[in-house]
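Report on the following structure.
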Amino acid sequence: MTKTNPKKPASLTRKDFIKTTAAASSFFFVPRHVLGGKGYTAPSDQLNLAAIGSGGKGFSDISNATVNGRERVAALCDVDFTGSASRATEAFPNAKRYNDYREMLDCESSIDAVTISTPDHVHGPAATYAMERGIHVYVQKPLTHNIREARLLTEMAHEKGIVSQMGNQGASNPLLNMVQEWIDSGVLGEISDVNVWTNRPVWPQGFPMPEPDESLKPDGLDWDLWLGPAEQRPYTPKMHPFNWRGWWDFGTGALGDVGCHLIDIPYRTLQLGHPTDAECSVGTIYTQMWTPEYNPEGCPPSSFITLHFDATPKTESRIQMTWSDGGIRPPRPEIIPADHDMGGPNSANGVLIIGENGVITTNINDSSPLMPKLYLKDGTQEFGPETEENNEPEYGHQRRWVDACKAGFDSPEHRALTSSFDYAGSMTEAVLMGNLAIRSYMLRRENDQEQMEYYGRKKLLWNGEDMRVTNLEEANQFVSRTYRKGWEM
């Protein structure tokens, strides 16, 4: 059963103390370099951090959040500390360990901020549980598993005064300013088309769910806690720690893996909002003649999605955005020379922003070189650097969030964050709209001729404010999900 939020004492809490004294600390405290040497941070000025998901990306998130040890890691949570999370226990030996984040957040009342780096299906419930307790949150991309969760987290961060950041670290890449300046200058003319593509999935995907086998479960793994809000099922090999990405109960496919890195670039620089519609097609596998494989519980091997957005302050035209995964790339604009990569190396991942006078293309916006390039029809070519000099890990994305936590909600540091939920929530909704289209594409029923009719293979009209498909009611089941008892949100 989900534990209730304990009542907070009427006295000033440590979290309140940090917020209210941040601005006044220079008046009341002796400078830290006098007391403890240059760079010293007194314990009273440290954030107490915790990690939910401590292995893999979770380890780098919590490590970067400490800002080279400036902040303190009070607790670690993971469903298996014998795996990659063992690095975190070695790095932070004094941190208390928990398998259940609900227990950790209920027991450790001193936690100020938490990084959440779990499989996608746990992002929303874990972030909700933390924010209900007034804890600031850093949540890996995609922000949530479904559109409803993204809206709820965005609203809750506002209501409870939470400093938030989504873990699409490339949003803090300063080279994005180059792309923004090109767009703002108007050199592209009217912009009407955006193409986004990826080589994902690079994990097994597009076939039936593997058979359960309890005998293969690692001894250190708490499988029930790993399932979290998902339906109870016996241990399924290789879901943990990575292959969950291709199954709708747990993951969000290629879009969830890199959509918030790639789509972030045009979404941010063109100031896009809710899509007005979505349409898709997906790759099909045949293992026998005339009979396509049908695996609606998992993501397809490839997909092609079209979204439309209303005009924005950056363009008077409606924007058509296409997304393709599974290694499918858009056609090369004539203006880009044949021997130039589109997007990143080998054109494996990229973005094209297409205007009447030219094209901007970039690489994926994670920690890969952004490689921005501008091609104009008048012969102008301008390229950003192919390698980047990063002065701090992941462009300081976690550090900036930590600084904002210490400065407080709605502080200048908070407002300067590049992926707080004010922005990341809306962008995640747009990304996950593609998955809603994919799942609707697989809806089928038997018709009067005893043939399967795929009735969701149409353009889905979307009311973004109300989070509803207006022309296919059955598609709205994918706006949210069914939660296992004790994990609701």
Hey, among the residues in region 280-301 that are part of a loop (DSSP other than H, G, I, E, B) and among the aromatic types (Phe, Trp, Tyr), which one's farthest from TYR454 (Cα to Cα)? TRP290
Within region 232-247, the count of residues that are in contact with a helix residue (DSSP H, G or I) (Cβ under 9 Å, 6 or more places away or on another chain), of a type in the set (A, V, I, L, M, F, W, C) and surrounded by fewer than 22 Cβ atoms within 10 Å (Cβ to Cβ) comes to 1
Can you list residue pairs whose Cβ atoms sit under 7 Å apart, with the first residue in region 371-383 being touching a residue at least 12 places away in the same chain (Cβ under 8 Å) and the second being surrounded by 21 or more Cβ atoms within 10 Å (Cβ to Cβ) and of a type in the set (D, E, K, R)? Count only pairs 6 or more apart in sequence or on different chains. PHE383/LYS373
Scan GLY206, GLY251 and give me the residue that is part of a loop (DSSP other than H, G, I, E, B), in contact (Cβ under 8 Å) with a residue 12 or more places away in the chain and touching an Asp or Glu at 6+ places or on another chain (Cβ under 6 Å). GLY251
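A quick yes/no check of all residues on (1) in contact with a Phe, Trp or Tyr (Cβ under 7 Å, 6 or more places away or on another chain); (2) aromatic (Phe, Trp, Tyr); (3) free of Cβ contacts under 8 Å to residues at least 40 places away in the same chain:
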| position | (1), (2), (3) |
| --- | --- |
| PRO125 | yes, no, no |
| TYR129 | yes, yes, no |
| GLY134 | no, no, no |
| ALA150 | no, no, no |
| ILE183 | no, no, no |
Considering only residues of region 302-361 that are under 12 Å from SER192 (Cβ atoms), in a loop (DSSP other than H, G, I, E, B) and among the small types (Gly, Ala, Ser), which is modelled with the highest pLDDT? ALA311
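For (1) crowded, with 19+ Cβ neighbours inside 10 Å; (2) modelled with pLDDT under 95, each residue gets a yes or a no:
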site	(1), (2)
ASP422	no, no
MET427	yes, no
ALA437	yes, no
GLN451	no, yes
GLY456	yes, no
ASP466	no, no
GLU474	no, no
PHE478	yes, no
Taking helices (runs of 4 or more DSSP H) that fall entirely within region 387-489, which contain at least 2 residues that are hydroxyl-bearing (Ser, Thr, Tyr)? 421-441
Residues of region 163-203 satisfying the condition of being farther than 20 Å from MET342 by Cα, in a helix (DSSP H, G or I) and of a type in the set (S, T, N, Q): GLN169, SER172, SER185
Evaluate the following for SER324: is it touching a residue at least 12 places away in the same chain (Cβ under 8 Å), under 28 Å from GLU181 (Cβ atoms) and either of a type in the set (Phe, Trp, Tyr) or surrounded by 14 or more Cβ atoms within 10 Å (Cβ to Cβ) (or both)? yes
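The values are calculated or read from the model by the stated rules, or taken from the named source; none is laboratory data. Predicted model only: the values in this text are computed from it and were never measured. Glycine gets a Cβ as well: all are built from the backbone with ideal geometry, and neighbour counts include every protein chain shown.
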